[in-house]
1. Take the residues in the stretch 153-169 that are outside any loop (DSSP other than H, G, I, E, B) and free of Cβ contacts under 8 Å to residues at least 12 places away in the same chain, then tell me which one is surrounded by the fewest Cβ atoms within 10 Å (Cβ to Cβ).
2. Filter the stretch 171-187 for residues that are in a loop (DSSP other than H, G, I, E, B), at pLDDT 95 or above and either under 21 Å from the mean Cα position of the chain (by Cα) or surrounded by 15 or more Cβ atoms within 10 Å (Cβ to Cβ) (or both) and give the result.
3. Residue 312 passes all but one of (1) without any contact (Cβ under 8 Å) to a residue 40 or more places away in the chain; (2) surrounded by fewer than 17 Cβ atoms within 10 Å (Cβ to Cβ); (3) more than 24 Å from the chain's Cα centre (by Cα); which number fails?
4. From (1) touching a helix residue (DSSP H, G or I) at 6+ places or on another chain (Cβ under 8 Å); (2) crowded, with 19+ Cβ neighbours inside 10 Å, pick out the condition that doesn't hold for residue 150.
5. Name, by its number, the condition in (1) surrounded by fewer than 14 Cβ atoms within 10 Å (Cβ to Cβ); (2) touching a residue at least 24 places away in the same chain (Cβ under 8 Å); (3) within 20 Å of residue 141 (Cβ to Cβ) that does not hold for residue 294.
6. Taking the stretch 283-310, which residues are over 23 Å from residue 321 (Cβ atoms) and either in contact with a strand residue (DSSP E or B) (Cβ under 8 Å, 6 or more places away or on another chain) or at pLDDT below 95 (or both)?
7. Just to verify a result, which residue in the stretch 240-260, among those that are surrounded by 18 or more Cβ atoms within 10 Å (Cβ to Cβ) and not in a strand (DSSP E or B), is farthest from the chain's Cα centre (by Cα)?
8. Condition test on residue 302, is it surrounded by fewer than 16 Cβ atoms within 10 Å (Cβ to Cβ), under 22 Å from residue 186 (Cα atoms), within 20 Å of the chain's Cα centre (by Cα) and in contact (Cβ under 8 Å) with a residue 12 or more places away in the chain?
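The values are calculated or read from the model by the stated rules, or taken from the named source; none is laboratory data. Here the structure is a predicted model, which is why all the values come from computation and not from measurement. Note that each Cβ is placed from the backbone with ideal geometry, even for glycine, and that neighbours are counted across all protein chains shown.
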């Protein structure tokens with residue numbers, strides 16, 4: 001034994017913590033992965049290996065991968081006719097509250113990397129008044145100065161969507177359950193000379209988050225080109241936020257709005273709006289022989305959108321290792 005203090009083992013979730021809705025990653029699988037990492041870390045510490053260096057003490061985390069944590073709805077902001085910006089605040093139950101259940105805000109750490117996602121658990125009343133749980137993944141995004149313990153997500157609501165119905169009934173102060181973070185694109189500064197980002201709708205979330213991180217790193221000289229597909233001008237999500245990134249030398253964007261009339265479009269100063277659909281020809285022009293080998297392609301959107309764009313990219317002879325689909 002090295003005599004060094006070992007990190008705390010990950011908390012084992014209860015079988016009932018699995019919502020059995022087929023969510024990925026399953027909370028039970030996450031626990032097994034974390035347990036394996038913990039055992040390997042303990043071995044390094046016990047052996048006195050220099051590979052493991054204990055990091056600086058940070059604030060207490062308020063979200064975990066193996067259990068759900070409580071967050072209240074802090075605010076709701078309508079972005080488009082069917083898209084809302086939700087802000088959630090970490091809370092904990094106040095013991096011994098006189099007037100039933102009460103919560104207080106937490107100022108702890110939300111430790112996640114750009115493009116990672118959180119999982120929200122929703123509920124619905126089933127036959128016999130029983131409650132069924134389900135889950136969906138959402139990517140937190142940087143929206144200026146966000147208070148400690150809070151995060152923002154952009155969510156598109158669908159008329160017959162199970163989670164959409166749950167979200168439509170939420171109001172400020174309501175309690176929700178979240179866990180994470182997971183996934184994302186494992187990006188290292190200056191790993192690529194150029195990143196081509198292609199997305200549609202709310203698929204902008206992880207790509208905007210990653211772009212924001214890159215351009216605000218003065219040491220990162222990666223060039224970003226964003227191709228953003230929307231239905232029309234009114235449905236452009238994060239329009240002003242994307243436009244603000246144009247002030248950085250290494251970011252540019254083309255926004256496709258095929259259902260808008262070119263004569264009626266009102267682009268922001270310096271903004272590029274295209275009233276055509278994004279097709280294979282445009283993708284090929286971005287992946288010509290001059291830059292194909294030093295470009296990373298990131299794709300995010302609906303399953304059909306990702307399938308179509310991936311086909312366009314592969315037709316340009318881009319290696320699989322240079323393609324990442326969220």
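1. Only one residue tops the list, namely 168.
2. Within the stretch 171-187, no residue meets the criteria.
3. Only one criterion in (1) without any contact (Cβ under 8 Å) to a residue 40 or more places away in the chain; (2) surrounded by fewer than 17 Cβ atoms within 10 Å (Cβ to Cβ); (3) more than 24 Å from the chain's Cα centre (by Cα) is unmet by residue 312, namely (2).
4. (1)
5. (3)
6. Correct list: 302 only.
7. Going through the qualifying residues, I end up with 260.
8. Spelling it out, residue 302 is indeed surrounded by fewer than 16 Cβ atoms within 10 Å (Cβ to Cβ), under 22 Å from residue 186 (Cα atoms), within 20 Å of the chain's Cα centre (by Cα) and in contact (Cβ under 8 Å) with a residue 12 or more places away in the chain.
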